[in-house]
Amino acid sequence: MNMIIGLPEYTDVISLDARYSNGIFRYMRNKKKEAIQWAMNNLVGKSIYHQDIQGKIFFTRSGINHAIYAKSNSEKVELIYHAIDILKSSRLISIQKDKWSRPDVLGVYRFSTIRTINKKKYFIYIIVKKMKVRGSGINYFYDHGVIKELQL
């Protein structure tokens, strides 16, 4: 205790914050690992036909990893368990050029849908890359992107 103002020492506050954030970090790390394992068993190697692009969208290990680890939060991790339903219910909203101008990326397709997670509605962007793939022509690959809570 700080004798002058009766508050805990600054280092005590930091150690409590560190333990709290470390616990959340471990919890999220475990949730991500579980989601990755589930996706490897249930999604990777599968594809789904999407009417808006008249083509199959493939689930790959790299797309799943990016979907779960990039700018991740618990809602985004939870989405991987519903990826097929989310993709089926989504609508194409835009087609853009690859912002890094990679020669193998022919276009970036942006889909959107609304999904309820833990009693909250979220606007979800799904990113699908149209790519030249050596030996198999042109394919579309899945990566869910940004999710934003709807303010009602």
Answer yes if at least one residue in region 112-124 is touching a residue at least 12 places away in the same chain (Cβ under 8 Å) and farther than 21 Å from ILE68 by Cα, and no otherwise. no
Does at least one position in region 28-41 carry a residue that is surrounded by 11 or more Cβ atoms within 10 Å (Cβ to Cβ), in contact with a helix residue (DSSP H, G or I) (Cβ under 6 Å, 6 or more places away or on another chain) and over 25 Å from LYS121 (Cα atoms)? no
Output the number of the condition that TYR81 fails; it satisfies all remaining conditions of (1) surrounded by 15 or more Cβ atoms within 10 Å (Cβ to Cβ); (2) aromatic (Phe, Trp, Tyr); (3) touching a Ser or Thr at 6+ places or on another chain (Cβ under 9 Å). (3)
So which of ILE147, ILE138 ends up being aliphatic (A, V, I, L, M), outside any loop (DSSP other than H, G, I, E, B) and within 12 Å of LEU79 (Cβ to Cβ)? ILE147
For LEU16, work out the one condition from (1) modelled with pLDDT of 95 or more; (2) farther than 21 Å from TYR140 by Cα it doesn't fulfil. (1)
Residues within region 45-57 that are touching a residue at least 40 places away in the same chain (Cβ under 8 Å) and over 15 Å from GLY107 (Cβ atoms), tallied: 2
Subset of region 49-59 (residues that are surrounded by fewer than 16 Cβ atoms within 10 Å (Cβ to Cβ) and either basic (Lys, Arg) or out of contact with any Ser or Thr (no Cβ under 9 Å at 6 or more places or on another chain) (or both)): TYR49, GLN51, GLN54, LYS56
If you scan region 111-138, which residues turn out to be at pLDDT 90 or above and farther than 24 Å from LYS99 by Cβ? ILE114
How many residues, within region 76-94, are under 11 Å from the mean Cα position of the chain (by Cα) and free of Cβ contacts under 8 Å to residues at least 24 places away in the same chain? 0
Residue list for region 86-105, restricted to those being part of a strand (DSSP E or B) and surrounded by fewer than 16 Cβ atoms within 10 Å (Cβ to Cβ): ARG91, LEU92, ILE93, SER94, ILE95, GLN96
Give the residues of region 55-112 that are aromatic (Phe, Trp, Tyr) and over 14 Å from TYR140 (Cβ atoms), sorted by residue number. TYR69, TYR81, TRP100
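The values are calculated or read from the model by the stated rules, or taken from the named source; none is laboratory data. Not measured: the values here are computed from a predicted model. As a convention, Cβ positions derive from the backbone with ideal geometry for all residues, glycine included, and neighbour counts pool all protein chains shown.
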